[in-house]
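Single-structure report; data block below.
The values are calculated or read from the model by the stated rules, or taken from the named source; none is laboratory data. Computed from a predicted model, the values in this text were never measured in an experiment. In this analysis, Cβ positions are derived from the backbone assuming ideal geometry, glycine residues included, and neighbour counts consider all displayed protein chains. Just so you know, the surface numbers come from the protein's heavy atoms only, side chains and all, with ligands and any DNA or RNA stripped out. Shrake-Rupley method; radii C 1.70, N 1.55, O 1.52, S 1.80 Å.
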Amino acid sequence: MSNIIIPNHEKLEIIKQAISNAGLDKFHVVADFDRTLTKAKVNGVDTPSLISVLRTEKMLTPDYADKAQELFAKYHPIENDANYPEDKKLIAMHEWWIKHLQLLIDSKLNKKDLERVISSDKIHLRIGGCEMMKWLDERAVPFLIFSSSGLGVDMIALYLKKCNFLYKNIHIISNILKWSYNGYAVGFKEPIIHGMNKGEHSLENYPIFKLIKNRKNILLLGDNISDINMVKGIECENIIKIGFLNMDVEKNLEAFKQNFDVVITDDGEMNYVN
């Protein structure tokens, strides 16, 4: 397939064989959510994240969409520039997340708005994603979804539940909003997880660590070079890193080839992964 790019076939085959020989008991999967498990475009329209639906559908207070768009226009190009200096990108992403989380609170985000996002039908899993999650669940392979989504754990869990894919083997690590008794967002828990600092959040602090500490063979899925840091600090014997390069392919391809074992372009399907 022309949209499947493998920088080093020989290296990939060696890693695949080593993981296969070790068996399922030594294997787990780590994946980003937005634009990795989900498609980057639906009906030709960019849908970069669950949270973008709040903006494009003009939910919340009247000024929310414009303010969120201003933040998106400023920070999204930085997020997707594989050649942007990492130290500066780290600062920019932290600024974006803090500003947007506070904007959500100021704009009266309610849990009912999360349900509206889910019912909007703007977010679609990649073709083959359903089969992958079912396969992993049937074999009790831990599947860690590590997301920097501003809507966090609640939103991803709601989406998977709607699709009937909130399996017992799935563990979500993401931002956590604090809610009032009547369902309004009133704060967020520190530390904030964003696209550049996923590797700073030690999995030793999460219950899933006990399940994966002896599963040292990993399949990693991401759409940003910084996603390779999702397994930072985890003892690993073999890892296959697959990157979904959804936009600015010509600009970012070489950087992706240097960091991923497989690069899937053009908002590709999950069938190769399966």
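Computed quantities for the displayed model
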{"quantity": "Test result for Phe27, among the hydrophobic types (A, V, I, L, M, F, W, C), in contact with a strand residue (DSSP E or B) (Cβ under 8 Å, 6 or more places away or on another chain) and within 27 Å of Leu104 (Cα to Cα)", "calculated": "no"}
{"quantity": "Matching residues, region 222-257, being touching a residue at least 40 places away in the same chain (Cβ under 8 Å), under 20 Å from Ile173 (Cβ atoms) and in contact with a helix residue (DSSP H, G or I) (Cβ under 8 Å, 6 or more places away or on another chain)", "calculated": "Gly222, Asn224, Ile225, Ser226, Asp227, Met230, Val231, Ile239"}
{"quantity": "Residue in region 108-123 that is over 18 Å from Lys178 (Cβ atoms), among the small types (Gly, Ala, Ser), open to solvent by 80 Å² or more (accessible area, probe 1.4 Å) and modelled with pLDDT under 95 present", "calculated": "yes"}
{"quantity": "Members of region 9-31 that are assigned to a strand (DSSP E or B) and either touching a Lys or Arg at 6+ places or on another chain (Cβ under 7 Å) or exposed (fewer than 14 other Cβ atoms within 10 Å of the Cβ) (or both)", "calculated": "Phe27, His28"}
{"quantity": "Single residue of region 34-56 satisfying the filter (surrounded by fewer than 18 Cβ atoms within 10 Å (Cβ to Cβ) and among the aliphatic types (A, V, I, L, M)) that is modelled with the lowest pLDDT", "calculated": "Val45"}
{"quantity": "Members of region 80-103 that are touching a Phe, Trp or Tyr at 6+ places or on another chain (Cβ under 8 Å), under 15 Å from Ser148 (Cα atoms) and open to solvent by less than 60 Å² (accessible area, probe 1.4 Å)", "calculated": "Ala92, Met93, Trp96, Leu101"}
{"quantity": "Pairs where the first residue, in region 261-274, is under 17 Å from Lys41 (Cα atoms) and the second is basic (Lys, Arg) and open to solvent by 10 Å² or more (accessible area, probe 1.4 Å), C-beta under 7 Å, 6+ apart", "calculated": "Asp267/Lys39; Asp267/Lys41"}
{"quantity": "Filtered residues of region 51-95 (kept if within 16 Å of Ser226 (Cα to Cα) and either over 22 Å from the mean Cα position of the chain (by Cα) or of a type in the set (A, V, I, L, M, F, W, C) (or both))", "calculated": "Ile78, Ala82, Leu90, Ile91, Ala92, Met93"}
{"quantity": "Pick from region 177-216, criterion of a type in the set (Phe, Trp, Tyr) and assigned to a strand (DSSP E or B), ranking: farthest from the chain's Cα centre (by Cα)", "calculated": "Tyr184"}
{"quantity": "Within region 146-164, considering residues that are in a loop (DSSP other than H, G, I, E, B), in contact with a strand residue (DSSP E or B) (Cβ under 8 Å, 6 or more places away or on another chain) and farther than 16 Å from Asn110 by Cα, the one least open to solvent (accessible area, probe 1.4 Å)", "calculated": "Ser147"}
{"quantity": "Which numbered condition Met59 misses (of (1) open to solvent by 30 Å² or more (accessible area, probe 1.4 Å); (2) closer than 25 Å to Ser120 by Cα)", "calculated": "(1)"}
